[in-house]
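What follows is one structure encoded as structure tokens, with my remarks underneath.
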Amino acid sequence: MVWWMYLIAGLFLYAIITVFLSKKYPETHYDWENIDCQDYQFPDNFTWGVATASHQIEGNNNNNWTDFEKRTGIEQSEGACEHWTNWKQDFQLIQNLGVKSYRFSIEWSRIQPEKDSWNEDALNQYCEMIDDLISKGIKPMVTLHHFSHPIWFEEIGGFLNQENILHWTKYCKKVFSKLDGKVSDWCTVNEPEVFSIMGYYMKMFPPGKGSLFKTIKVMKNMLRAHSQTYRALKEINPKSRIGLAKNVTLFDPLRRWNLVHWITAGALNYIWNGAIISALAKGRMFGSKISGAKNSFDFIGLNYYTHALASPFIPQKVGVQLPKREHEIITEFGYVMYAEGLERSVKLLSKLNVPIEITENGVADSNDSLRPIHLKRHVWCISEMIKKGYDVRSYYHWSLMDNFEWAEGYKLRFGLYHVDYQTQERTLKQSGKDYQKIVNS
Ligand code: GCO
């Protein structure tokens, strides 16, 4: 063969591979102009909810995050929504929406401020809060770790050290034993991939490290921590429903004809999504055994926000504008609104063969101009998925009210209620009214 024959054969092979990949991994886009998003249907037992996390709303915490905020000089969380004192009023707001479930997290640093001391008053307050929710007909879904933990735990290496998992399990058992009987739905950890990548690779979350090796180690340990907790809690009450919340961000190649973009997308998809799914489905992650991870979940929580267009030059920062398709709408977080990805994410997680709870979905939108469309599109997509037979049981909107958006601080507003941080006044937004309508229809 002469050189040009090799060239033609190579080009032919290249074309076959990219066409094959494009067919196998389609990037769905709907013609939203011609879709009637009001045309949705939900089974009677579908659960509507809202979600928050302790550090983002409670205020005046003393944990790895407050320490990181001080160290790095990012916006300080300080009083946040002062929810720790305003919770009664906030629970009225939840009831006012008509939702039947509320996902929130317990602040470990409140329960166990020092390694050897438990704060029973804090635990009792959570108990009182849960009783109040139940009396309002709102089912609590409790997350045990949503990015924040005590400073003493961080100081001994947090989830970077496998031997620290026993401290975490001890805390989980303590909380579980107290709340068991009142709470049936539990999320062990929130977004292990976000926690490890943002904290140990992108330096945007505590502890602010930049090491791929440590990132992978933490991700593995978090899955170990989840599995051990799952088994320990199931022993206390086999009837409880325990899962974890997984953020699915879909990585699509920026240019669908470019094999390098496909390879980048594939690698990022594995690190962000595939590794954790593999731990849960096969008990293996990045080539290591994660013992006990297989069958360690009664449901899988899906936190869905967006897809990202991958190339070797993908920005390694959040809050900056990412590449987008021409017709796509960019949100204030810098990523696009892509409701079509919700079904793709559900499809991905349905491999795990357990019910799917959409534990988070929402948009950063300070003047509430996008959220109404965002909500409509995502709700319509869920209704379509249910029609197709996917086992999606619930939808928790992120978030009940504007709150402290981690490294982005207070400028990003995700709430159905607007929060005036000066007066702590909450006001229902138009999207909140829309959600109220959907939930009550
Ligand atoms: C996350 C968290 C939430 C965020 C929300 C909006 O995904 O980072 O679970 O705490 O506030 O996702 O970004």
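None of the figures in this text is laboratory data; all of them are computed from the coordinates on show. Predicted model, so just to flag it, every value in this text is computed and none were measured. Note that we place each Cβ from the backbone using ideal geometry, even for glycine, and neighbour counts take in every protein chain shown.
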Q.
Taking amide H atoms as placed 1.01 Å from N in the peptide plane, list the residues 5 or more away in sequence, or in a different chain, whose amide H sits under 5 Å from that of Ser394.
A. Thr47, Ile358
Q: Give the calculated FRET efficiency between Lys214 and Val2 to the nearest 0.05, with a Förster radius of 45 Å applied to their Cβ-Cβ distance.
A: 0.30
**Q.** Protection-proxy order for peptides 124-133, 63-72, each taking the mean of Cβ atoms within 10 Å per residue, highest first
**A.** 63-72, 124-133
Q: Would you grab the residues whose amide H sits under 5 Å from the one on Phe147? Only those 5+ places off in sequence or on another chain, please, with H modelled 1.01 Å from N.
A: Asn190
Q: Take peptides 11-18, 86-93, 204-211, 190-197 and line them up by average Cβ neighbours within 10 Å, highest first, as a rough protection proxy.
A: 190-197, 204-211, 86-93, 11-18
Q. If you add up the charges near Val218, with Lys and Arg at +1 and Asp and Glu at -1, over every other residue whose beta carbon is less than 11 angstrom from its beta carbon, what do you get?
A. +4
(Q) Let's see if you can work this out: charge +1 on each Lys and Arg Cβ, -1 on each Asp and Glu Cβ, no other charges. What is the dipole magnitude of the stretch 329-441 about its Cα centre, in debye to the nearest 20? (A) 460 debye
Q. Exactly which trypsin sites (Lys or Arg not before Pro) in the stretch 344-441 are in a DSSP loop and have at most 16 other Cβ atoms within 10 Å?
A. Lys411
(Q) Could you check the spin-label model distance between Val19 and Gln424? Points 7 Å from the Cα along Cα→Cβ, value in nm. (A) 6.5 nm
Q | Cα long-axis angle, helix 259-269 against the chain (0 to 90 degrees, to the nearest 10) | A | 20 degrees
Q: Calculate, in nm to one decimal, what Tyr390 and Gln38 gain on full extension: separation in residues at 0.36 nm each, minus their alpha carbon distance.
A: 124.7 nm
Q) Order of Trp3, Trp48 from fewest to most other C-beta atoms within 10 Å? A) Trp3, Trp48
Q.
Show me the ranking of peptides 283-293, 22-32 by mean Cβ neighbours inside 10 Å, starting with the highest.
A. 283-293, 22-32
Q. Mind listing which trypsin sites (Lys or Arg not before Pro) in the stretch 215-259 are in a DSSP loop and have 10 or fewer other Cβ atoms within 10 Å?
A. Lys239
Q | Residue-span extension gain [Asp131 to Asp116] - 0.36 nm each, minus C-alpha spacing | A | 2.6 nm
Q. Which of Tyr30, Thr52, Leu259 sits closest to the plus end of the dipole of the chain, meaning its Cα is farthest towards the positive end, when Lys and Arg get +1 and Asp and Glu get -1 on the C-beta?
A. Leu259
Q. Considering only Gln321, Asn295, Pro207, whose Cα is most displaced toward the positive end of the charge dipole of the chain, charges sitting on Cβ of Lys, Arg (+1) and Asp, Glu (-1)?
A. Asn295
(Q) Check which residues have an amide H placed less than 5 Å from Tyr305's amide H, if you skip close sequence neighbours. (A) Val248
Q) Using 0.36 nm per residue, how much length does the chain from Ser184 to Asn295 gain when fully extended, once their Cα-Cα distance is taken away? A) 38.1 nm
Q) Classify the chain: rounded, prolate or oblate, from the alpha-carbon gyration tensor (a ≥ b ≥ c, eigenvalue square roots; a/c under 1.5 rounded; otherwise prolate if a/b is larger than b/c)? A) prolate
(Q) Of all beta bridges DSSP finds with both residues in the chain, what is the antiparallel percent, to the nearest 5? (A) 20 percent
Q) How large is the charge dipole for the chain, taken about the Cα centre, if only the Cβ atoms of Lys, Arg (+1) and Asp, Glu (-1) carry charge, to the nearest 20 debye? A) 1740 debye
Q: In whole Hz, with x marking every Gly and Pro, tabulate ³J(HN,Hα) for the stretch 140-152 from phi via Karplus 6.51 cos²θ - 1.76 cosθ + 1.60, θ = phi - 60°.
A: x, 10, 9, 9, 8, 9, 10, 6, 10, 8, x, 5, 4
Q) Top mean-square fluctuation among Phe213, Phe404, Phe147, Gaussian network model of the chain, C-alpha springs under 10 Å? A) Phe213
Q. Any idea what angle helix 165-179 forms with the longest principal axis of the chain, computed on alpha-carbon atoms, 0 to 90 degrees, nearest 10?
A. 50 degrees
Q: Using θ = phi - 60° and the Karplus relation 6.51 cos²θ - 1.76 cosθ + 1.60, list the HN-Hα couplings for the stretch 335-350 in order, rounded to whole Hz, with x at every Gly or Pro.
A: 9, 8, 8, 9, 4, 4, x, 5, 5, 4, 6, 4, 4, 4, 6, 5
Q: Please go through the residue pairs Lys88/Lys170; Lys239/Lys347; Lys136/Lys234; Lys136/Lys433; Lys347/Lys387; Lys136/Lys437 and name each one whose alpha carbons sit more than 22 Å apart in this structure.
A: Lys88/Lys170; Lys239/Lys347; Lys136/Lys234
Q | Under Karplus coefficients 6.51, -1.76 and 1.60, residue-wise ³J(HN,Hα) of the stretch 233-249 in Hz, glycine/proline x | A | 6, 5, 5, 6, 9, x, 7, 5, 9, 10, x, 9, 9, 10, 7, 9, 10
Q: Working from Cα positions, state the angle (0 to 90°, nearest 10) between the long axis of helix 371-388 and the longest principal axis of the chain.
A: 70 degrees
Q. Along the charge dipole of the stretch 34-440, Cβ charges K/R +1 and D/E -1, which of Tyr417, Trp118, Phe176 sits furthest on the positive end?
A. Phe176
